[in-house]
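First comes the structure, then the notes that go with it.
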Amino acid sequence: MTKKITVLAGDGIGPEIMAAGLAVLQTISELDQLSFEITTADFGGIAIDHFVDPLPPATLSACQTADAILLAAIGGPNWEQAKRTPEMGLLALRQALQLFANLRPIKVTPALSKLSPLKAEIAEKADFIVVRELTSGIYFGTPRERTETSALDTNTYQADEIKRILKKAFEIARTRKKKVTSVDKANVLATSKLWRQLAEEVAEDYPDCTLQHQYVDSAAMKIIAQPEEFDVIVTENLFGDILSDEASVLPGSLGLLASGSHSINGPSLYEPIHGSAPDIAGTDTANPLSMIYSVTMMLKESFGLITSAEKIEQACDEVLGNGVLTKDLGGTAKTTEFTAAVIKQLKEDEADGKNII
Ligand code: NAD
Ligand code: IPM
Ligand code: MN
């Protein structure tokens, strides 16, 4: 059956990496006889330019009626002073779709461990997932105020919001190494004290899993010093944002990490964890893997197309293993060249019968 995908290319490097993701999707569609209906919509800065609104009603509606959403990246210096910024549009979209569970996997494959700025013997042990709460916490709490001389943000969490993300983390742990690390700042914050108490309560329903608590400051250190200690990290919105960008140092670049955001039963959204990278936009140097891996996450998690996704991942591994690398990983391949290499590899693997996984 034809699946409907709403595509939000956004700003900066967004259109460049989205083109890469869609080209790979087109290739796997042809190889595996898959059928997708793509609807593109303006979102973020480009939507401000066209509609003075980062999330126009037509874009929201296209997302609500899709089977899945692909987003590249939004934001940039042009819109920092806008009344409604691209970032506000992104938060509004996450809220409107109730995308409370943001999953950010970090895995260092053999081809990548040599590329990490960290010691290969440390980086190669990383295989964990950050389960970030995405629709509450300090990103959404009110009051939020700013005057000339003071500013106020509010970190609010309801028990139900904390419990549902903790349950999600334990469910994911059951499919992995069954180890949950709940990251908080319970030595200081009231929200974290509640979070820690609820983590203990939820853990009782998952006796097959272990639960550890870790303060966010020491977790930040341990993630890059002893990544093998982690399997599932579950944490609040702001901590998850920061820790996942930090964790991208393990595989070697922010341009490698994808994410999937899920609600209870609506369409899921897949996007790189990074932003619009204004410093390299328009230079054809962005690493498109974050977008290509967002596509593979979508194929697996929204459409159950595991083999098709694994074929793409295998082709990417082979291309990286052959030393075809974008600038962020120390190479010279352009975004378009890297993408072409992945597509060529996919087709060759198919012709060789190599990708029967
Ligand atoms: P960023 O993630 O855009 O870039 C940080 C650094 O990583 C930059 O040096 C950039 O060149 C590099 N980088 C990011 N993606 C890359 C890729 N695919 N290949 C190679 N290098 C890559 O963060 P920033 O510069 O702090 O923010 C820029 C804008 O993006 C801001 O407006 C911010 O609000 C927005 N932003 C959007 C999202 C999103 O759309 N989900 C996420 C984060 C930031
Ligand atoms: C991300 C981004 C967003 C966030 C910004 C752009 C609102 O950093 O998706 O990680 O903080 O969630
Ligand atoms: Mn972020």
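The values are calculated or read from the model by the stated rules, or taken from the named source; none is laboratory data. Note that this is a predicted model, so its numbers are computed, not measured. Note: ideal-geometry Cβ built from the backbone for every residue, glycine included; neighbour counts use all protein chains shown.
For the range 275-292, enumerate the residues that are within 16 Å of ligand 2 (Cβ to nearest atom) and surrounded by fewer than 23 Cβ atoms within 10 Å (Cβ to Cβ).
Gly275, Pro278, Asp279, Ala281
Which pairs turn up if I take residues in the range 46-74 that are part of a helix (DSSP H, G or I) and look for partners that are modelled with pLDDT of 95 or more and exposed (fewer than 14 other Cβ atoms within 10 Å of the Cβ) with beta carbon separation below 6 Å, at least 6 apart in sequence or on another chain?
Partner pairs satisfying both residue conditions: none exist.
Could you figure out which of (1) more than 16 Å from ligand 2 (Cβ to nearest atom); (2) surrounded by 24 or more Cβ atoms within 10 Å (Cβ to Cβ); (3) outside the structural domain of Pro77 (by TED's automatic domain parsing) isn't true of Leu299?
For Leu299, the exception is condition (3).
Name the single residue that is farthest from the chain's Cα centre (by Cα) among those in the range 254-292 being of a type in the set (Gly, Ala, Ser) and closer than 17 Å to Leu99 by Cβ.
By that ranking, first place goes to Gly266.
Considering (1) surrounded by fewer than 21 Cβ atoms within 10 Å (Cβ to Cβ); (2) within 16 Å of ligand 3 (Cβ to nearest atom); (3) farther than 19 Å from Met291 by Cα, say which one Arg94 fails and leave the rest.
With respect to (1) surrounded by fewer than 21 Cβ atoms within 10 Å (Cβ to Cβ); (2) within 16 Å of ligand 3 (Cβ to nearest atom); (3) farther than 19 Å from Met291 by Cα, Arg94 is out only on (3).
Against the definition (more than 16 Å from ligand 3 (Cβ to nearest atom), polar (S, T, N, Q) and either part of a loop (DSSP other than H, G, I, E, B) or touching a Pro at 6+ places or on another chain (Cβ under 7 Å) (or both)), how does Gln81 come out, yes or no?
Criteria met by Gln81.
Quick one: is Leu250 within 15 Å of ligand 2 (Cβ to nearest atom) and either crowded, with 19+ Cβ neighbours inside 10 Å or assigned by TED's automatic domain parsing to the domain that holds Ile223 (or both)?
No.
If we scan the range 230-243, do we find a residue that is small (Gly, Ala, Ser), more than 22 Å from Ala199 (Cα to Cα) and within 16 Å of ligand 3 (Cβ to nearest atom)?
no
If you scan the range 321-356, which residues turn out to be polar (S, T, N, Q), over 23 Å from the mean Cα position of the chain (by Cα) and surrounded by 13 or more Cβ atoms within 10 Å (Cβ to Cβ)?
Hits for the range 321-356 are Gln345, Asn355.
Among the candidates Gly45, Gly21, Gly14, single out the residue that is at pLDDT 95 or above, small (Gly, Ala, Ser), within 16 Å of ligand 3 (Cβ to nearest atom) and in contact with a Ser or Thr (Cβ under 9 Å, 6 or more places away or on another chain). Give the derivation first.
Working: Gly45 fails: within 16 Å of ligand 3 (Cβ to nearest atom); Gly21 fails: within 16 Å of ligand 3 (Cβ to nearest atom).
Answer to the check: Gly14.
Given (1) in contact with a Pro (Cβ under 6 Å, 6 or more places away or on another chain); (2) within 13 Å of ligand 1 (Cβ to nearest atom); (3) closer than 30 Å to Asp160 by Cα, where does Leu70 come up short, assuming only one miss?
(1)
Restricting to the range 153-183, name every residue that is within 23 Å of the chain's Cα centre (by Cα) and farther than 21 Å from Pro105 by Cβ.
Asn155, Tyr157, Glu161, Ile162, Lys163
Considering each residue of the range 1-11, count those that are surrounded by fewer than 17 Cβ atoms within 10 Å (Cβ to Cβ), modelled with pLDDT of 95 or more and in a loop (DSSP other than H, G, I, E, B), and give that number.
Selection size over the range 1-11: 1.
Which condition number does Glu148 fail, the rest of (1) farther than 29 Å from Ala281 by Cβ; (2) buried (at least 22 other Cβ atoms within 10 Å of the Cβ); (3) more than 16 Å from ligand 3 (Cβ to nearest atom) being met?
The one condition Glu148 does not meet is (2).
Give me a count of the residues in the range 156-203 that are among the polar types (S, T, N, Q), surrounded by 20 or more Cβ atoms within 10 Å (Cβ to Cβ) and under 26 Å from Lys125 (Cα atoms).
2
Which residues, taken from the range 115-166, are basic (Lys, Arg) and under 23 Å from Ser263 (Cβ atoms)?
Of everything in the range 115-166, those that are basic (Lys, Arg) and under 23 Å from Ser263 (Cβ atoms) turn out to be Arg132, Lys163, Arg164.
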